[in-house]
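Pasting a structure here, questions to come.
The values are calculated or read from the model by the stated rules, or taken from the named source; none is laboratory data. The shown structure was predicted, so the numbers you read here are calculated from the model rather than taken from an experiment. Counting neighbours? That spans all protein chains shown, and the Cβs are built from the backbone with ideal geometry, glycine included. Side chains included, ligands, DNA and RNA excluded: accessible areas come from the protein's heavy atoms. Shrake-Rupley method; radii C 1.70, N 1.55, O 1.52, S 1.80 Å.
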Amino acid sequence: MQQEFHEIFVKYHEIITLGVYGTAIGLMLIGLYAVLMKKNLVKIVIGLSILDAGLHLLFIGIGYVQGGTAPIFSPGYEDAGSKMVDPVPQALVLTAIVIGFAVTAVALSLIIRLYKHHHTAKIDQIKSLKW
Amino acid sequence: MVITPIHYIVVPLLAAFAIPLLVKIHKELPRIIPGLVMFYNIIISIVLMQQVNEFGYVSEVIAGWKAPWGINLIITPFSGFLVSLISFMGFVIWLYQYRFKRVIDVGELKSYGILQMMMITGAIGIIITGDIFNMFVFLEIVAITAISLTSFYRHRDGAEAGFKYLLIGGFSSTLILLAILLLYTQVGTLNMAEISEKIHLVPQGMKATILVLFIVGFGIEAEMFPLNGWAPDAYSQAPGPTSAAFAGIVVKAGVYGLIRIIFTLFDIEGAFDFLIIGGLVTMIIAEFSALKQTNLKRMLAYSSIGQMGLVLIAFGIGTKTAVFAALFLMFNHAVIKSLLFMTGSILMYNSKDKTISTLNGMGKKLPFISLLFSLGAFAIVGLPPFSGFWSKLYILTAAAGEEMILLIGAILAVSIVEIVYYFRVVSKMYFAEETEHITIFKPSVNAKIAMGILGAVILIIGLYPDLITGYLHNAADMILDKASYIDFVLNSNAPVQ
Amino acid sequence: MKKVLVILLLAALGYFLAQTFLEIPLGENRIGDINAQKPTAAGYYLSNTKEKSKVANVVTAIVVNYRGLDTLGEVTVLFLATTGVASILYRRKEEEEEVERLNLPSSNIIRTGARVLFPAITLLGIYVFIHGHLTPGGGFQGGTIVATGFLLMLISYKGFNTNHNIMTWVESIAGLSFVLIGLWGLITDHTFLGNIPQIGELNKLLSGGLIPIIYIAVGFKVAVELTGILDILLKIKPKK
């Protein structure tokens, strides 16, 4: 199974590279587009989350090592230390996801308050948000 | 137990996690505990600064893993100076906000105490950590608390200001994370000393990309133009003590991040010119914006941005005198601008519609506060007997040393603008006819003591600048000395006990 | 007009990002020799975790031990987000009585399904954070799974209320135990978060010294905090 995947990876290396980076960067651009263009505050926050998701995918993609297995010394893989993917980006992305979640939670609570105040979640109808 | 740098982080954390339980015992505890923590921070600073004087640095590793592999905390003269400054300011701000009138409900008090304390802890964390990703985590702690505190008051437009800050902050954290990812792929480490050691292996183009991402990301916290859209709103909507903390603490941490990255991590010469230009634009635009503000806190916020521009210029000149001057200015800015925000928010409570024009006759009604505000105003524009004078003088000397005539002209011109808008306020307070009756909100004794301390510091440092210049010279040496930073972190892993 | 400008800007940005990342080949081994004299960070973790930490999951070892301060910061960020959300949406006592939880009508099928699934989801979450050092997952992932169980109950049952008192206690005790375990290392071993890896053997539930204990505390904390945030965010409907 692992061997098969390895062969496929070598054979279609360029396509897979484009696919991984393209998906991640594409997601980031979609998120940025939503942040810049959308009028609804909730959609802006969704955009921010998509932007984050793209970046997290990049982390995971970068951490992959050709032919590597998961960085866990599970039974049968006790000596596979040199054949594992990079564990550091995986640990970092965990932190990044949690931080992204915290920011989203605070953003949503701010939106609830803005909505109560202005009875709208449209950015162009909330005066002091225009700049 | 021996005092080590980790105490800066662990003690506030213990307090923060315990406050929700302790509030059940007595409802005054969330007010008192942050004060104790801040006081303990000062003790840590004193002990550690003595060690720094003796050994040159204090270093500690987390979980026993040596520096390039585990996370290390390092206090050099530079970071030690900033951390001590932040500890001192944190305590003074706590003293000022203790018995803060506006916060009455226990639930609000609990959140406020935790958030304010953790904002200061986050700023300290940014400064003492030796790991780039750890710095990012602390930066996010500061961002989350700052956003929550900005929108603390429900009757103001705090939520808008907070949301603005959140969008810009979210964007900045994405950029920093991207930069960290790229850097990691290039050098395979996250330790700043090891990055600095290996940075010459990175291709030029990639290096420039990473540096730009970092500068934009940290420039947002350091209020660099055009990334400072959040600052005036956040400063003016946040509670008074929080505005003081933004000026005295948060911005310092942002500048530290920027400086650490440009001076230690990278070896690109062009970054210094970038700092000068960025700082210059920031300063000029901010000071002219300050001129046309009608809200006192917004005016102070723009002035704060302008001052940070001046700090960036001084760092950008990059000579020893200039770096020393920049550090001196950071110290002055922290003390003076915090004093201005403290007195300014009390003046604002007493004005009718929070504009400068309603300050008429304040000099008679609140003589002590007005006097301190004027003191701060004179000090920040750089009048001779006060501490602000020295920092400006040193910056001009440094610029003259590099024969940057245009820069000197710009700084002097901007100083005149500063004088105009600060003196407008001061003259209104003392010389304008009192037009309307205003309700008087008397500040409590502890707030007066806090402001008095800051006023005294401004006077004493103004008269005897030698009291801190020795430390600052050490710190300036340390910033420019990349090799010994790397040596401290990587080659001497035994924690100095 | 603005749309065209933004799309052009994004296209330029995308091109720039693609150019940058195509310089970094996907799947390239950047770890290097893990047994070298001075390995890279990743290499050091891969070669030392098994012996020195006795933890099977290297990611867990990094998250909890090698980069433990990050995780402490992460837990703090979550804690502060909860505090921040609570302070932003804070209601005084008298206002508290004016609001109730937002409730969408839920059918019998959803309610029964939720009741059946809730214990299973909670159990899965607890399994994930107890086995964080052996299998993929850990405190954050497990905590999130538990919180989804609570979310299911919150949105399908009108009368389902979380006990704030218990949540405060669990949250504080979990947070305090993380810091205190770290401090214990500081006292005995002179390093914060210092581990005692001698306990247990690799790939057994009892292994890795303090790492699983910290991760379990994190799991409880994350579960409670996420539930707390969801609870606050759902409580927005003004009473008539």
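Using +1 on the beta carbon of Lys and Arg, -1 on that of Asp and Glu, and nothing else charged, what's the dipole of the protein assembly as shown about the Cα centre, debye to 20?
With Lys and Arg at +1 and Asp and Glu at -1, about 3100 debye.
Return a whole-number percent for the relative contact order of chain B, with Cα pairs under 8 Å and 6 or more residues apart as the contact set.
17
Continuing with this model, one more query. At 1.4 Å probe radius, can you tell me the per residue accessible area of region A:2-125 in Å²?
44
Based on DSSP loop calls and a cut-off of at most 16 other Cβ atoms within 10 Å, the longest stretch of chain C free of exposed GluC sites (Glu not before Pro) is what?
With GluC sites (Glu not before Pro) excluded where exposed in loops, chain C gives C:99-200 as its longest stretch.
Using only protein heavy atoms and a 1.4 Å probe, report how much of B:SER427 is accessible, in Å² to the nearest 10.
About 50 Å², ignoring ligands and nucleic acids.
Suppose a student asked you for the relative contact order of region B:1-115, using Cα pairs under 8 Å spaced at least 6 residues apart; what percent would you report?
It comes to 33 percent, rounded to a whole number.
Could you pull out the longest piece of chain A with no exposed loop trypsin sites (Lys or Arg not before Pro) in it, calling a site exposed if DSSP puts it outside H, G, I, E, B and it has at most 13 other Cβ atoms within 10 Å?
A:40-129
On to the next question. For the Cα atoms of chain C, what angle does the longest principal axis make with the long axis of helix C:139-156, in degrees from 0 to 90, nearest 10?
On a 0 to 90 degree scale, this one is about 10.
Of all the accessible heavy-atom surface of region A:2-125, with the other protein chains kept in place and a 1.4 Å probe, what percent is carbon and sulfur?
For region A:2-125, the apolar C and S fraction of the accessible surface comes to 65 percent.
Now a separate question. Can you tell me the 0 to 90 degree angle between the C-alpha axis of helix C:164-189 and the longest principal axis of chain C, rounded to 10?
Once rounded, one gets 20 degrees.
Probe radius 1.4 Å, ligands and nucleic acids left out: which of B:SER484, B:SER172 has the largest accessible area, and how do the rest follow?
B:SER484, B:SER172
Where only protein heavy atoms count, and the probe is 1.4 Å, what is the accessible area per residue for region B:131-491 in Å²?
Result: 29 Å² per residue.
Under 23 Å from the Cα of B:LYS207, which lysines turn up, not counting those fewer than eight places away in the same chain?
B:LYS198, B:LYS482
Testing the spin-label approximation: label points 7 Å from Cα along Cα→Cβ at A:HIS119 and C:LYS2. State their distance in nm.
2.4
In square angstrom and rounded to 100, what buried accessible area do you get between chains C and A, total over both, with the probe at 1.4 Å?
Using a 1.4 Å probe on protein heavy atoms, the buried area is about 4400 Å².
Now for a different question. For region A:2-125, what's the relative contact order in percent, using C-alpha pairs closer than 8 Å and at least 6 residues apart?
So the answer I get is 25 percent.
Determine, from the Cβ-Cβ distance of C:LYS235 and B:ALA400 and an R0 of 56 Å, the FRET efficiency 1/(1 + (r/R0)^6), rounded to the nearest 0.05.
Computed FRET efficiency for C:LYS235 and B:ALA400 comes out at 0.35.
How much FRET efficiency would the formula 1/(1 + (r/R0)^6) give for B:ILE46 and C:VAL116, where r is the Cβ-Cβ distance and R0 is 56 Å, rounded to 0.05?
Here the calculated transfer efficiency is 0.40.
Computed over the Cα atoms, what is the radius of gyration of the protein assembly as shown divided by 2.2 N^0.38 Å, N being its residue count?
Scaled against compact globular proteins, the figure is 0.93.
Pop out the carbon and sulfur fraction of the accessible area of region C:1-122 as a percent, whole number, probe 1.4 Å.
Reported share for carbon and sulfur atoms: 64 percent.
While we're on this one: How much accessible area is lost when chains C and B come together, counting both sides, with a 1.4 Å probe, in Å² rounded to the nearest 100?
Counting protein atoms only, the buried area is about 5000 Å².
So with the 1.4 Å probe, I'd like the accessible area per residue for region C:57-236, rounded to whole Å².
Spelled out: the 1.4 Å probe surface of region C:57-236, per residue, equals 40 Å².
Next question. Measuring from centroid to centroid over Cα atoms, what is the spacing of region A:5-39 and region C:1-54 in Å?
The distance from the Cα centre of region A:5-39 to that of region C:1-54 comes to 14 Å.
So how tilted is helix C:68-88 from the main axis of chain C? Cα-based, degrees 0 to 90, rounded to 10.
10
Once the dipole of region A:2-125 is set up with Lys and Arg at +1 and Asp and Glu at -1 on Cβ about the Cα centre, which of A:VAL42, A:LEU27, A:THR104 lies farthest towards its positive end?
A:VAL42
Simple spin-label model, 7 Å along Cα-to-Cβ: B:GLU28 to B:ASN53 in nm?
Going by the 7 Å Cα→Cβ label model, 3.6 nm.
Ignoring any ligand, DNA or RNA, what whole percent of the accessible area of chain B comes from carbon and sulfur when the probe is 1.4 angstrom?
Accessible surface attributable to carbon and sulfur in chain B totals 67 percent.
Same structure again: Among all the aspartates and glutamates, which ones have a C-alpha under 17 Å from B:LYS27's C-alpha, if same-chain residues fewer than 8 places away are not counted?
Hits, sequence-local ones excluded: B:ASP105, B:GLU108.
How much FRET efficiency would the formula 1/(1 + (r/R0)^6) give for C:ALA36 and A:GLU4, where r is the Cβ-Cβ distance and R0 is 30 Å, rounded to 0.05?
0.45
Distance in nm between label sites at B:ILE268 and B:ALA483, each 7 Å beyond Cα in the beta-carbon direction?
Simple spin-label model gives 2.5 nm for this pair.
Could you tell me the distance between the Cα centroids of region A:90-117 and region B:30-103, to the nearest Å?
Comparing the Cα centres of region A:90-117 and region B:30-103, I get a distance of 28 Å.
Next question. Please report the antiparallel percentage of DSSP beta bridges with both residues in the protein assembly as shown, rounded to the nearest 5.
85
Sorted by accessible area with a 1.4 angstrom probe, largest first, how do C:THR148, B:THR121 fall?
In descending accessible area the options line up as C:THR148, B:THR121.
Just name one of B:ILE124, B:PHE378, B:THR355: the one whose Cα is farthest towards the positive end of the charge dipole of chain B (beta-carbon charges, Lys/Arg +1, Asp/Glu -1).
B:THR355
Considering only C:SER156, C:SER53, C:SER106, give the residue with the highest GNM mean-square fluctuation for chain C, with springs between Cα atoms whenever their separation is below 10 Å.
Highest fluctuation of the listed residues: C:SER106.
Heavy-atom accessible surface, probe 1.4 Å, ligands and DNA/RNA ignored: which residues of region A:82-97 lose at least 40 Å² versus the isolated chain?
A:ASP86, A:PRO87, A:VAL88, A:ALA91, A:LEU92, A:LEU94, A:THR95
Rounded to the nearest 20 Debye, what is the dipole magnitude of chain A about its Cα centre when Lys and Arg each give +1 and Asp and Glu each give -1 at the C-beta?
Computed charge dipole of chain A: roughly 1240 debye.
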